[in-house]
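S.K.: The structure is given below, and queries will be raised subsequently.
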Amino acid sequence: MKKMTWAWMLACALPTFAVAQQDYTLQGQVGKLDKPAKAYLRLKYDGKEHIDSVEMNKGKFTFKGTIQSPMEAHLRIIHDDKPFDPAKPMKQDILPFFIEGKAIKFVAKDSIQNAIISGSPLNAENEAVNAMLKPIYAQYDALDAEYKSKSLADQQDPKYIQTLEERAAIIQQETVDAKMAFVAKNPGSYMALMAFNSTLPPEFDALAAEKVFATLDPAIQNTILGRELAARIATVKKTQDGVEAPNFTQPDVDGNPVSLSDYRGKYVLIDFWASWCAPCRRENPNLVKSYAKYQKNGFEILGVSMDKAADKAKWLKAIQDDGLTWKQVGDLKGWDNEAGVLYDIKAIPMNFLVDPEGKIIAKYLRGEELDEKLHEIFGE
């Protein structure tokens, strides 16, 4: 893992003390660069990008400011004021790093991306963790080299591809184990929070994650990333298998309100999709097949559109073209669909199978998985 690629009702339990502001100073020396060269500092927090810039003076630059907590940041150097030429794009000179309440120095001969960082315990720890993980990631490089050395026929051999995937899965688990060992030994480290966060895929066990998060020091939990992760865990926890599916009401294609609670007493698949989503459209025939087979047993599907209002006609056409005969709803707010936000939908297709009592019993059922799950339930 390279620098800065550590990145995949708990929020109410966070400490109530205020986050202490941290003053930082960044001092850099990049050769003898002078005007019109500029240095840019980019931070992202509160959902917004914050960019500051200063002119280079005999290779030097300085930034001073205040942050709420340690966070990821980027320094970029623009070496001259030549207009951008798309025919001859220049390689960007960018250094990702961690900013904290310290006096941090950056020294480089010609490019900020090659700078040596000093005065920052957090960046030193990041380098140490990267060094720890380097032998593990080298195994990925070896797999890649092996694959490239094979003939085209071997590269397309399903059995060989399966062995690659199996070995890659072992390396992935080794990576997760190494990171979690680091988390267990360093509960007061911001890098432990970064490591833990990076082990969580889009779908994860929120209850288990909640327990690990609770082992981190309160100050780490209360950083910006800590609060974001706590909110993420709380959101995923709401759609964990075994919990009651959050209710929602949205208009159908005719504008009539439809609620998830209307389906109590039946098994219902909440299917988040969109007319423009190619994987969703490829998945629709599987839904049509399962619906035709199990509707008589009390199985229903509730389609939730992630389309925008401007695409309503495309949504209606996709329903007709794909033969989707079950109820379709959508507030036509795109990714801001209120049901999608409630269920933390970040990618589609995504679905949740809800039992007659209103509890989530499975999710992300694709291909034959849905039919297999329904066969398990209804025995047909």
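The values are calculated or read from the model by the stated rules, or taken from the named source; none is laboratory data. Since the structure is predicted, the reported quantities are computational estimates derived from the model, not experimental observations. Glycine gets a Cβ as well: all are built from the backbone with ideal geometry, and neighbour counts include every protein chain shown. Surface areas here come from the heavy atoms of the whole protein model, side chains and all, with no ligands, DNA or RNA. Shrake-Rupley method; radii C 1.70, N 1.55, O 1.52, S 1.80 Å.
S.K.: Ranking request for peptides 207-218, 91-102: highest mean number of other beta-carbon atoms within 10 Å first, then the rest in descending order.
M.R.: Packing proxy ranking, top to bottom: 91-102, 207-218.
S.K.: Multiplying the sequence separation of ALA138 and ARG227 by 0.36 nm and subtracting their Cα-Cα distance, what value in nm do you get?
M.R.: Here the answer is 28.8 nm.
S.K.: For region 52-211, just say rounded, prolate or oblate: build the C-alpha gyration tensor, square-root its eigenvalues into a ≥ b ≥ c, call rounded for a/c under 1.5, and beyond that prolate if a/b exceeds b/c, oblate if not.
M.R.: Oblate, because a/c is 1.5 or more while a/b does not exceed b/c.
S.K.: Highest mean first, how do 135-143, 298-306, 173-181, 155-163 rank when packing is the count of other Cβ atoms within 10 Å averaged over residues?
M.R.: The packing order, highest mean first, is 298-306, 173-181, 135-143, 155-163.
S.K.: How much area per residue is accessible in region 77-138 when the probe is 1.4 Å and only protein heavy atoms are counted (Å²)?
M.R.: In whole numbers, region 77-138 has 60 Å² accessible per residue.
S.K.: Multiplying the sequence separation of ASP344 and ALA219 by 0.36 nm and subtracting their Cα-Cα distance, what value in nm do you get?
M.R.: Value of the extension gain: 42.4 nm.
S.K.: Determine ³J(HN,Hα), in whole Hz, for all residues of region 212-226 in sequence, where each value follows from phi through the Karplus function 6.51 cos²θ - 1.76 cosθ + 1.60 and θ = phi - 60°; x replaces Gly and Pro.
M.R.: Result, rounded to whole Hz: 5, 4, 5, 7, 6, 4, x, 5, 6, 4, 8, 6, 4, 5, x.
S.K.: For the chain, which whole-number percentage of the solvent-accessible area (1.4 Å probe, protein heavy atoms only) is attributable to carbon and sulfur atoms?
M.R.: Carbon with sulfur: 54 percent of the solvent-accessible area.
S.K.: Under 1.5 on a/c is rounded, so check that first for region 277-362, then, if it is not, pick prolate when a/b is larger than b/c and oblate when it is not; a ≥ b ≥ c are the square roots of the alpha carbon gyration tensor eigenvalues.
M.R.: oblate
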